[in-house]
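Below you'll find the structure, written out as structure tokens, and then a few comments.
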Amino acid sequence: MNVKLESSWKAALSEEFSKPYFKELTNFVRHAYQSTTVYPPTGQIFNALDSFPLPQTRVVILGQDPYHGAGQAHGLSFSVPEGIAHPPSLVNIFKELVSDTGKEYPKHGSLTSWASQGVLLLNATLTVEASNAGSHQNKGWELFTDAVIDVISAQCNHVVFMLWGNYAKQKGKRIDRERHLVLTSGHPSPLSANRGLWFGNRHFSQANAFLTSIGRPAIDW
């Protein structure tokens, strides 16, 4: 597995790469890519961490699995490449963005512009078998992404964590809330959103209000 990472992340996470679980995970993932269809493409597995240096982290948005449909996953949680239809969760994210900020509904579903501004779009599990949601859970990825959260929590200050849904909230227990702002809501999936647990959370405007209050640039959502 080609661990292509921006140098500050690679240094901060270097201990993880030598741990037994990561070696087992590497073997599992390598075999999976050789024997079946797995997303995202291998060069994009660590796309979220390779988008900017660790000290530039301003916002963390936690997802669970990569999308498992052809052409959808490209290593950024909730994001799809330009030209790919918007999945239901992303549609609801954009609806809330429009309601919260007054921006126009985005023309494409790529969130690379967010990532380039220090928004870490991190899935708990970084790979998935085609058409088989959750297929790479409990193989070691969760331990690795726990370490990512630990590094951010300990080494950065004043980061906004957006925890959407119960899974993200559980993972968020690792965050030092004295140092960081933690925003929680239901998941943007239709099941949760239609039960009134997503719309109206105003996380985008809250994040920017917090960032500007401490002298950091707002995110251009």
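Quick notes on this structure:
- Consider region 55-109 and keep the residues that are among the hydrophobic types (A, V, I, L, M, F, W, C), outside any loop (DSSP other than H, G, I, E, B) and open to solvent by 10 Å² or more (accessible area, probe 1.4 Å). The one that is farthest from residue 133 (Cα to Cα) is 98.
- Matching entry among 38, 98, 91 (being closer than 30 Å to residue 191 by Cα and touching a Phe, Trp or Tyr at 6+ places or on another chain (Cβ under 6 Å)): 98
The rows are residues; the columns are (1) surrounded by fewer than 16 Cβ atoms within 10 Å (Cβ to Cβ); (2) more than 13 Å from the chain's Cα centre (by Cα).
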residue: 146; (1), (2): yes, no
residue: 164; (1), (2): no, no
residue: 177; (1), (2): yes, yes
residue: 184; (1), (2): yes, yes
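- The residues of region 190-215 that are surrounded by 16 or more Cβ atoms within 10 Å (Cβ to Cβ), at pLDDT below 95 and out of contact with any strand residue (DSSP E or B) (no Cβ under 7 Å at 6 or more places or on another chain), listed by number, are 192, 193.
- Filter result for residue 121 (crowded, with 18+ Cβ neighbours inside 10 Å, under 14 Å from residue 219 (Cβ atoms), over 16 Å from the mean Cα position of the chain (by Cα) and touching a residue at least 12 places away in the same chain (Cβ under 8 Å)): no
The values are calculated or read from the model by the stated rules, or taken from the named source; none is laboratory data. Since we're looking at a predicted model, the values are computed, not measured. Glycine also receives a Cβ, built like all others from the backbone with ideal geometry; neighbour counts cover every protein chain displayed. In case anyone asks, the SASA skips ligands and DNA or RNA and just uses the protein heavy atoms, side chains included. Shrake-Rupley method; radii C 1.70, N 1.55, O 1.52, S 1.80 Å.
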